[in-house]
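The next block holds one structure in the form of structure tokens; read it before the comments.
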Amino acid sequence: MTGGFEIEGPVLDIEALAAEVERRVRPGADAPPERDPRERGTSTETWPLSPVEALLASLAEDADAAQGFPPQSHRKLGSAVVAAKKGLRLALQPFINETFARQKVFNRRLLDTIAALHAENRALQMRLERLEALLARESADG
């Protein structure tokens, strides 16, 4: 393959795409609990992110399919159920890790690819803005 990658069709509205993805993955009543940012090792003191960057950061947090959500239960014997879930996860974690190892690699590579495409898109947008400004100056001068 000697040519570059080209996207054909209408230009994507990134803001609308990010909003739609956020709407689809928004936690519902049966969603797992929110994780503590300190648990993930991420910093809560970051610069403002674009919608795509925020989406990539959110996806990166959950890229490892082998890491489960914290166990919880709504039953009367909830503490016993949670303890059983923790025990099962601890006992089965090596098998879970092996099962999802390739998925984890795929998820990370996909996130890296999306991030690279986003960076290239931003660079092309900045170049286009510079060229449009240059064209506007030249047409105003001449």
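The values are calculated or read from the model by the stated rules, or taken from the named source; none is laboratory data. Bear in mind the structure is a predicted one, so any value in this text is a computation, not a measurement. Cβ coordinates were reconstructed from backbone atoms using ideal geometry, including for glycine residues, and neighbour counts include every protein chain displayed. For the accessible areas, the whole protein counts, side chains as well, though only heavy atoms, and no ligand, DNA or RNA atoms are used. Shrake-Rupley method; radii C 1.70, N 1.55, O 1.52, S 1.80 Å.
Across segment 52-91, the number of residues qualifying as over 29 Å from Glu20 (Cα atoms) and open to solvent by less than 80 Å² (accessible area, probe 1.4 Å) comes to 9. In segment 26-142, counting only helices (runs of 4 or more DSSP H) that sit wholly within it, the ones holding 1 or more residues that are farther than 22 Å from Glu15 by Cα and at pLDDT 80 or above span 78-141. Here is the figure for segment 114-132: residues that are within 19 Å of Leu17 (Cβ to Cβ) and open to solvent by 70 Å² or more (accessible area, probe 1.4 Å) total 5.
Kindly list, by first and then second residue, each pair from a residue in segment 118-140 that is under 27 Å from Leu56 (Cβ atoms) and in contact (Cβ under 8 Å) with a residue 60 or more places away in the chain to a residue that is surrounded by 10 or more Cβ atoms within 10 Å (Cβ to Cβ) and of a type in the set (Val, Ile, Thr), limited to pairs with Cβ atoms under 8 Å and residues at least 6 apart or on different chains. Short answer, once both residue conditions are applied: His118/Val52. Hey, does segment 93-107 have a residue that's polar (S, T, N, Q), in contact with an Asp or Glu (Cβ under 9 Å, 6 or more places away or on another chain) and open to solvent by less than 70 Å² (accessible area, probe 1.4 Å)? Checking segment 93-107: at least one residue is polar (S, T, N, Q), in contact with an Asp or Glu (Cβ under 9 Å, 6 or more places away or on another chain) and open to solvent by less than 70 Å² (accessible area, probe 1.4 Å).
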